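K.L.:
First the structure, then my questions, so here it is.
The values are calculated or read from the model by the stated rules, or taken from the named source; none is laboratory data. Bear in mind that the values here come from a model prediction, so they are computed numbers and not experimental data. Counting neighbours? That spans all protein chains shown, and the Cβs are built from the backbone with ideal geometry, glycine included. We work out accessible area using only protein heavy atoms, side chains counted, and drop any ligands, DNA or RNA first. Shrake-Rupley method; radii C 1.70, N 1.55, O 1.52, S 1.80 Å.
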Amino acid sequence: EYELTVEGDFGVDNLKMDANTISTTNTNDDLTLSPNGTGSVVIDSVSIRNNFITTNASNADLSLRTNGSGNVVVQANILPSANATYDLGSSSKRFANIYTSDLNLTNDKGSWTIQEGKDDLFIINNKSGKKFKFNLIAVD
């Protein structure tokens, strides 16, 4: 067992510890926490190991959020781990709007794409290749 007691801040190599903060002293450098062997880096009840971020609390939500009005931005596809198993939203927690290019709807019964034209909406049966135009009627 090792014990080190320090009052105030201290630094080791390019690492600085001050109160409740651990930071790198190199400008624009990453701070890397690496477990030994097959262990995980655990922060509060969240584990980070390999390519997984997991909550250690059973039946708890894992939230990705910003501290303010910013966005969570991704630079890759968002995919479920199993086909036709998980929902996007729920009956009580719905997304306000979905912004998409064409809308592709596929299940074990059919495969359709909704396309937006300049003045019309179209639906394409991806299995037969047939394209249909929505008959839209203006309402007052």
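K.L.:
Determine the shape class of region 58-118: with a ≥ b ≥ c the square roots of the Cα gyration tensor eigenvalues, call it rounded for a/c under 1.5, and otherwise prolate if a/b is greater than b/c, oblate otherwise. If you can, show how the numbers build up before the last one.
P.N.:
Working: a/c = 2.07, a/b = 1.35, b/c = 1.53.
In terms of gyration-tensor shape, oblate.
K.L.:
Can you return the lysines within cross-link range of residue 118? Criterion is Cα-Cα under 24 Å, with same-chain partners fewer than 8 residues away left out.
P.N.:
Answer for residue 118, where 24 Å is the Cα cut-off: 130, 131, 133, listed by chain and number.
K.L.:
Classify the chain: rounded, prolate or oblate, from the alpha-carbon gyration tensor (a ≥ b ≥ c, eigenvalue square roots; a/c under 1.5 rounded; otherwise prolate if a/b is larger than b/c)? Display every interim value, and only then the final one.
P.N.:
Working: a/c = 3.24, a/b = 2.64, b/c = 1.23.
Because a/c hits 1.5 or more and a/b exceeds b/c, the chain counts as prolate.
K.L.:
Summing Lys, Arg as +1 and Asp, Glu as -1, what charge do residues with Cβ under 12 Å from the Cβ of residue 121 carry, residue 121 excluded?
P.N.:
Details: positive: 118, 131, 133; negative: 102, 116, 119, 120.
Here the count lands on -1.
K.L.:
On to the next question. For the residue pair residue 130 and residue 4, what label-to-label distance in nm results when each label sits 7 Å from Cα along the Cα-to-beta-carbon direction?
P.N.:
7.4
K.L.:
Assign unit charges at the C-beta atoms only (+1 for Lys and Arg, -1 for Asp and Glu), then state the dipole size of region 7-140 relative to its Cα centre in Debye, rounded to the nearest 20.
P.N.:
Computed about the Cα centre, the dipole is about 920 debye.
K.L.:
Can you send over the carbon and sulfur percentage of the accessible area for region 1-118, probe radius 1.4 Å, protein chains only?
P.N.:
Carbon plus sulfur share of accessible area: 46 percent.
K.L.:
Given bins 10 angstrom wide, list per bin the percent of all Cα-Cα distances in region 18-88, short to long.
P.N.:
13, 31, 43, 11, 2
K.L.:
Okay, next question. Please give the Cα centre distance for region 6-39 versus region 62-112, rounded to the nearest Å.
P.N.:
So the separation of the two Cα centres works out to 36 Å.
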